[in-house]
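The values are calculated or read from the model by the stated rules, or taken from the named source; none is laboratory data. Everything numeric in this text was worked out from a predicted model, so none of it was measured. We place every Cβ from the backbone using ideal geometry, glycine too, and count neighbours over all the protein chains shown. Accessible surface is based on the protein model in full, side chains and every heavy atom, while ligands, DNA and RNA are left aside. Shrake-Rupley method; radii C 1.70, N 1.55, O 1.52, S 1.80 Å.
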Amino acid sequence: MPSPGSVLRAFLTRWRSYKYRFVPWVALNLARNRRTLRHVPVSGSDKMAADTEVCSSLIAFFRALFISDIDRQKELLVLLPSSTRARYPVPKSRDQPQATPPSDDIMYKCLGFCLDRRPSSLDAAGTGVFVTKGFVPKGALVSMYPGAVYHNHEPVFFQSIGNPFIFRCIDGILIDGNDKGISKSVYRSCSRRDQLGPLKMCDCTWLTSSPYNPLAVGQYVNNCSNERAANVCYQEFDVPESFPVELRQYIPNICYSHDVEGPLRCVVLVALRDIQCGEELFSNYFTVVQ
């Protein structure tokens, strides 16, 4: 018969191996629902797409957003190095500024699909995210999980009360994707703190009903069920220092503390299979790392 010490060690080993996203480990094991689990052989393989692919996709899309709004970006461009300005040729002066095309049109042209928030197809699931135009290929970046980023030592207690949008990364970093209440106020405060003159270091429009970066709707993706298997998965992504400074205004994440060393943590959602127009996105809220 195993000793109490060995039982405790086995329990702790399994506890540490489980990396929950939104709910406690105990709730998962009481349900024992294998269809709503995602099993990862080792922690380093919890990625459907390489970080370089994610980064290049974000840069390409954000540049398309930047160019489409070039009239408004003129004042920012004059502050940037000439090598950066050369990427964004400013059109000759005209009597009337050109209207910025809808971000959904830019998304479809650049990524091949559009997303929208609508009532979920699941009963009592609230809002969901749907592919409303085009087609999402397997392995493609589909969405981003917005919010303030909290490291292990930072206070998140009051923000977490009654908050179902706090996402837990594999390494314990938390992202608060709530767009209301104290979470909204904290995010806006941090964004103003980190702004460098006219250079914005993050996107605040995801806090509204019309985010300028239409990828920033990942907090509304619902969990899969027995009837609706997951078609996207979460993937941590650290924004490299080389990420173009003029494009950081479209990143829907900001660190809670201003003195955090290292790259900014983001979470993206990646397609597990081809996703057709009209389908709702479903994720795995539970991940087990073997």
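Descriptive notes on the structure:
- Whichever residue in region 238-279 is charged (D, E, K, R) and surrounded by fewer than 19 Cβ atoms within 10 Å (Cβ to Cβ) and, among such residues, is farthest from Ala60 (Cα to Cα): Asp259
- Filter result for Cys114 (open to solvent by less than 20 Å² (accessible area, probe 1.4 Å) and either assigned to a helix (DSSP H, G or I) or closer than 17 Å to Ser68 by Cβ (or both)): yes
- Region 197-249, residues that are within 23 Å of Ala124 (Cα to Cα), out of contact with any Cys (no Cβ under 9 Å at 6 or more places or on another chain), polar (S, T, N, Q) and touching a residue at least 40 places away in the same chain (Cβ under 8 Å): Gln219, Asn222, Asn223, Ser225, Asn226
- Residue within region 157-169 that is among the small types (Gly, Ala, Ser) and assigned to a loop (DSSP other than H, G, I, E, B) present: yes
- Residue in region 166-179 that is closer than 20 Å to Cys202 by Cα, out of contact with any helix residue (DSSP H, G or I) (no Cβ under 8 Å at 6 or more places or on another chain) and either without any contact (Cβ under 8 Å) to a residue 60 or more places away in the chain or among the charged types (D, E, K, R) (or both) present: yes
- Hey, Ala86 open to solvent by less than 70 Å² (accessible area, probe 1.4 Å) and either over 24 Å from the mean Cα position of the chain (by Cα) or modelled with pLDDT under 70 (or both) or not: no
- Residue list for region 138-163, restricted to those being under 25 Å from Leu272 (Cβ atoms) and either open to solvent by less than 50 Å² (accessible area, probe 1.4 Å) or over 18 Å from the mean Cα position of the chain (by Cα) (or both): Gly139, Ala140, Leu141, Val142, Ser143, Met144, Tyr145, Pro146, Gly147, Val149
- Considering region 164-193, the residues that are of a type in the set (Ser, Thr, Tyr) and in contact with a strand residue (DSSP E or B) (Cβ under 6 Å, 6 or more places away or on another chain) include one that is surrounded by the most Cβ atoms within 10 Å (Cβ to Cβ), namely Tyr187.
- Region 205-230: number of residues that are open to solvent by 50 Å² or more (accessible area, probe 1.4 Å), over 24 Å from Val40 (Cβ atoms) and of a type outside the set (Gly, Ala, Ser): 2
- Search result, residues across region 117-137 that are open to solvent by 20 Å² or more (accessible area, probe 1.4 Å) and aliphatic (A, V, I, L, M): Leu122, Ala124, Ala125
- The sole residue among Gly139, Gly128 that is assigned to a strand (DSSP E or B), in contact (Cβ under 8 Å) with a residue 40 or more places away in the chain and not β-branched (Val, Ile, Thr) is Gly128.
- Residue ID - modelled with the lowest pLDDT, chosen from residues in region 63-83 that are in a helix (DSSP H, G or I) and among the acidic types (Asp, Glu): Glu75
Every residue, every condition in (1) of a type outside the set (S, T, N, Q); (2) modelled with pLDDT under 95, yes or no:
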| residue | (1), (2) |
| --- | --- |
| His151 | yes, yes |
| Ser160 | no, yes |
| Trp206 | yes, no |
| Ser209 | no, yes |
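- Taking the conditions (1) at pLDDT 95 or above; (2) of a type in the set (A, V, I, L, M, F, W, C); (3) open to solvent by less than 10 Å² (accessible area, probe 1.4 Å) in turn, Cys233 satisfies each one other than (1).
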